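Below is one structure, written out as C-alpha cells; comments come after it.
The values are calculated or read from the model by the stated rules, or taken from the named source; none is laboratory data. Since we're looking at a predicted model, the values are computed, not measured. All Cβ positions, even for glycine, are placed from backbone atoms using ideal geometry, and neighbour counts span all protein chains on display. Only protein heavy atoms, including side chains, enter the accessible area calculation; ligands, DNA and RNA are left aside. Shrake-Rupley method; radii C 1.70, N 1.55, O 1.52, S 1.80 Å.
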Amino acid sequence: GSPEYPSLLSKTEEAPRFLYIRGNKSLLLDDRTVALVGSREASPEGIHNTERVASMLGRNGITIVSGLAKGIDVTAHRVALENGYKTIAVIGTNLNQYYPMENKEIQKKIEKDGLVISQFSPALKTERWFFPLRNGVMSGLSSATVIMEAGETSGSLKQAGFALKQGRLVLFPRSVLSNVSITWPHRLMKRGAIVVNTPK
C-alpha cells in the first residue's frame, strides 16, 4: 500500500507484505532492473561473462539486481560498486545477518552505495526455505532475469520459474548450451526463455 513499494514487485503473487531495507530508498522506484544470477561455484568463464553483462547494464543506467551469494551474484554486485552503477541486493536472511560471512564487507558497501532488501523481519531466525522465497522477490523486482550459468539444482532455476510465471523475461548465454551435463536450458527454452549471443 505504500507509494514507495516497488511497482514491478507489487504486480506479482510473490510480493511480501513488508520489505525491510537499508540504503538508497529511491532504487525501490526503479523499473529498469535486471537480475543477474547463477552458480555459487562459478567457472572462470561464468565470472568473465557476468562482468561483461553487468558492465553493459550499468553503463546503460540499468539497475543490477542479485542475491549476494558467492560466485555469480557477488561478481555482479562487485562490478556495480567498482564502477558506481546502481545495484540492489535481495538477501535470504534478515538485514542484521551476513551470509555468507565472506560477503559482509560488500553487503555493508551496498548498504552505503546501493540498496539491500530483505522480506524477513529482524526477529526471525534464518531458515533454509528463506532463500528460494527471496528468489521470487528478486525476480519480481526485475524486468528480466539472466541466468549466467547454473547446475541442475541451482536456486537460479527457481528464480527462472518465478520470472516466467510473473511474465518477465528469462535469458541465458548461448555458451550454457554447450554444457552437456545439464538439461535445464532446453526445458526453459520450451517455456519461453531466450538464448542470447552477446551482452549487448
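A few points about this structure:
Conditions tested, residue by residue: (1) in contact (Cβ under 8 Å) with a residue 40 or more places away in the chain; (2) among the basic types (Lys, Arg).
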| site | (1), (2) |
| --- | --- |
| Pro100 | no, no |
| Lys108 | no, yes |
| Val116 | yes, no |
| Pro122 | yes, no |
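- In the stretch 156-175, the condition of being among the aromatic types (Phe, Trp, Tyr), open to solvent by less than 10 Å² (accessible area, probe 1.4 Å) and touching a strand residue (DSSP E or B) at 6+ places or on another chain (Cβ under 7 Å) is met by at least one residue.
- When residues of the stretch 1-11 are limited to those that are part of a helix (DSSP H, G or I) and under 23 Å from Leu57 (Cα atoms), the one most open to solvent (accessible area, probe 1.4 Å): Ser7
- All of (1) surrounded by 22 or more Cβ atoms within 10 Å (Cβ to Cβ); (2) over 15 Å from Arg40 (Cβ atoms) hold for Glu149 with one exception: (2).
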